[in-house]
Amino acid sequence: MGLRVDVTGVSSFLSRRGVGVLERLDPAAVDRPAGSPRGSTTVRPGSFRLGIDGRVLDDRYHGIGRVTEALLRCLTGRPDVDVVVFLRRDQCSRRFDVPALTAGLGHTTATFDSPLDSPLQWLRWPGAIRAAAVDSVLFPYNLGAAVWGRAQRHTIVHDCILESDPAFAPSALTRALYMAATSVVVRRDRVITPTAASAAAVQETYGVPADAVTVIPWGVETAFRGARARPEEDAGSATAARTLPAPGSYLLHVGARRPHKNVVTLVRALARLPEDLDLVLVGPVDRRTPDPVPEVAEELGVAGRVVHLPHVSEADLIALYRGAQAFVYPSLVEGFGLPLLEAMAAGAPVVASDIPVFREVSRGAAELVPVSDPGAWAEAVMGLRDPARRAQLVHAGHEVARTATWSRTTDALVAALRPSSVRA
C-alpha cells in the first residue's frame, strides 16, 4: 500500500498550531535577530525598505535563482526602494556571483542561516525580519517563506508542478509535505505568480481567492537579445571550441531533466528526423526521479546524437540558442518557461507544447504542438526548413521578447510590494 497523507489535515494543524506557538513564544525570543544587517538602515524619503530572501542564489535552484538574480540587478540604484538581501553565512555558488549581486550592487545584507527546507525557519524569520527593519519582504521560493512577522510578506509561487501529478515528485511524502507547507504559506502571505495559468493553478489547488494573487510576468536578460549570430561568428566561440554540434545542426532543450519536462518525447521525435540533426540537452539530471532518456535513446539508435551538457556558462548558453535549428520545449506543465523567452530573444525559432502557460507566454510566436506526439514534433521541426516560416517565427519571437524586460517586471513588483503606508 502506498503512503497517503492527509494534506488538508496537516496544513490545518501547521496553520493553527505553528502560528499559535509563535504567538505564545516570549517576544524577546521571537525577535532575537538571526543576524544584524550589514549596511545603512536609513530609509530615503518616499522609499521603503525591502527584504529579499537571497538563499535561492544557489546552484540547486535554477529558474528561481535566475529570476532573483535579475530582480536584484534591476533594483540596484532605484531611489524608491532600499534592499536588504538575506543570505546564509556559508553561501556560495558556481552559477551566481553572490558578492557582486549584494554588496557589489550596493544592497545591504543580513544573515539568515536556516536551510530553505527547514520548518524551524518559521520560528526564526520574525526575529530576522524585525532586526533588518524592513517594511516588506519578498520570498522568491514559497518553501522558504515566513508565515509570521511584522513586515508585509509576499511569496512567489512559480508553479504547481508537483501538485499536478504525483509522478512529478521525488516521493509521495515529499509531495505531501510540500503541499502542506505551501497551503499554509499561500493563506498567510500575499501571492505573486508569473502567469495567469499559474495563478489559476494556485487558486484551484489551494482554494486561494483570485484577488489574493498578483500576476507579474518575468522578463529576459538583455544579454540574450540582439540579431541572430552568423554561423561563422558562432564557429569561433567558446561553445564551438568544445566540439559541440555546428550551428544549425542541432535542436536545443534547456532545463533540469525532470519528469514534467517530457524530454523523452524529443528523443522519440529525433528518431524520426534526418541524421544531420542532433539533440543538445542543457541542464543537470535530477537523480531523485527516473530518467528514461538514455534507455529510450539506446533503443531507438539515436544515443550518439544526444549531447548532454549539465552546466554551461551564460555566454555559451547564448551561443547555443543562437546556433540552434530550433529551441524545443515539450513540457507537460510549467509555471512560466523562462528558456522559451530567452530563445526568442536570442533569435531561435521555438517549438513548444500546446499547453496554457506556453500559449500565454509565447503570444503566438511559437509553433505549438501536442505534448506527447513525436510525429507532430518531428513534423514541426521539419517545417522550420522552410525559410519563410522560420523567418516568421524568429521575427515574432523577437517582438515578444522585446517587450518582456526585467525593468517592466521590477516596476510592477515594486508597486505590488510597496506598503500602503509608504507613498510613491
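Rule-based calculations on the coordinates, nothing more; no lab input. Since this is a predicted model, take the numbers as computed values, not measurements. Every residue, glycine among them, receives a Cβ derived from its backbone with ideal geometry; neighbour counts consider all protein chains shown.
Compute the Cα gyration tensor for region 312-391, then decide on rounded, prolate or oblate, letting a ≥ b ≥ c be the square roots of its eigenvalues: rounded whenever a/c is under 1.5, prolate when a/b is larger than b/c in the other cases, and oblate in all that remain. Since a/c reaches 1.5 but b/c is at least a/b, the shape of region 312-391 is classed as oblate. Couplings 3J(HN,Hα) of region 343-354, computed from phi: 4, 4, 4, 7, x, 8, x, 10, 10, 9, 5, 7 Hz, in residue order, whole Hz [Karplus 6.51 cos²θ - 1.76 cosθ + 1.60, θ = phi - 60°; x for Gly and Pro]. Near Val369, once Lys and Arg are set to +1 and Asp and Glu to -1 for all other residues with Cβ below 11 Å from its Cβ, the sum equals -4. Across region 49-57, coupling constants 3J(HN,Hα) worked out from phi with the 6.51/-1.76/1.60 Karplus curve, θ = phi - 60°, read 9, 10, x, 10, 6, x, 5, 6, 6 Hz, and Gly and Pro carry x. Measuring from centroid to centroid over Cα atoms, what is the spacing of region 379-424 and region 155-202 in Å? A separation of 24 Å, based on Cα centres.
Packing, as the average of other Cβ atoms within 10 Å across residues, places the peptides 302-310, 362-370, 53-61 in the order 53-61, 362-370, 302-310, highest first. Placing +1 on the Cβ of every Lys and Arg and -1 on the Cβ of every Asp and Glu, with nothing else charged, gives region 222-404 a dipole about its Cα centre of roughly 320 debye. Computed 3J(HN,Hα) for region 201-214, one whole-Hz value per residue from the Karplus formula 6.51 cos²θ - 1.76 cosθ + 1.60 where θ = phi - 60°, is 5, 5, 5, 6, 6, 10, x, 7, x, 4, 6, 9, 10, 10, glycine and proline marked x. Within the shell of other residues whose beta carbon sits under 10 angstrom from the beta carbon of Asp59, the net charge comes to +2, with Lys and Arg scored +1 and Asp and Glu -1.
How would region 102-194 be classified by its alpha-carbon gyration tensor: rounded, prolate or oblate, with rounded meaning a/c under 1.5 and the a/b versus b/c comparison settling the rest? Taking the square roots of the gyration eigenvalues as a ≥ b ≥ c, region 102-194 is prolate. Taking amide H atoms as placed 1.01 Å from N in the peptide plane, list the residues 5 or more away in sequence, or in a different chain, whose amide H sits under 5 Å from that of Thr102. Those lying under 5 Å, H to H, from Thr102: there are none.
Please arrange Met344, Met382 by how many other C-beta atoms lie within 10 Å of their C-beta, fewest to most. Before the final figure, lay out the partial values.
Working: Met344 31, Met382 13.
Fewest-to-most Cβ neighbours within 10 Å comes out as Met382, Met344.
So, R0 is 30 Å and r is the distance between the beta-carbons of Glu399 and Asp354; what FRET efficiency does that work out to, to 0.05? The pair Glu399/Asp354 has a calculated efficiency of 0.90.
What percent does the relative contact order of region 222-404 come to when contacts are Cα pairs within less than 8 Å and at least six residues apart?
Values: 338 pairs, mean separation 44.5, N = 183.
Answer for region 222-404 is 24 percent.
By the count of other C-beta atoms within 10 Å, a proxy for reagent exposure, Thr76, Thr111, Thr193 are ordered fewest to most as Thr76, Thr111, Thr193. For the pair Glu204 and Glu295 in one chain, pulling the backbone fully straight at 0.36 nm per residue adds 29.1 nm over the alpha carbon distance. Counting neighbouring beta carbons within 10 Å and listing from fewest to most, the residues Glu275, Glu221 come out as Glu275, Glu221. Radius of gyration over Kirkwood radius for region 222-404, both on Cα atoms: the Rg/Rh ratio is 0.93. Taking amide H as placed 1.01 Å from N in the peptide plane, the amide H of Val137 sits under 5 Å from that of Gly51, Gln152, Arg153, His154, each at least 5 places away or on another chain.
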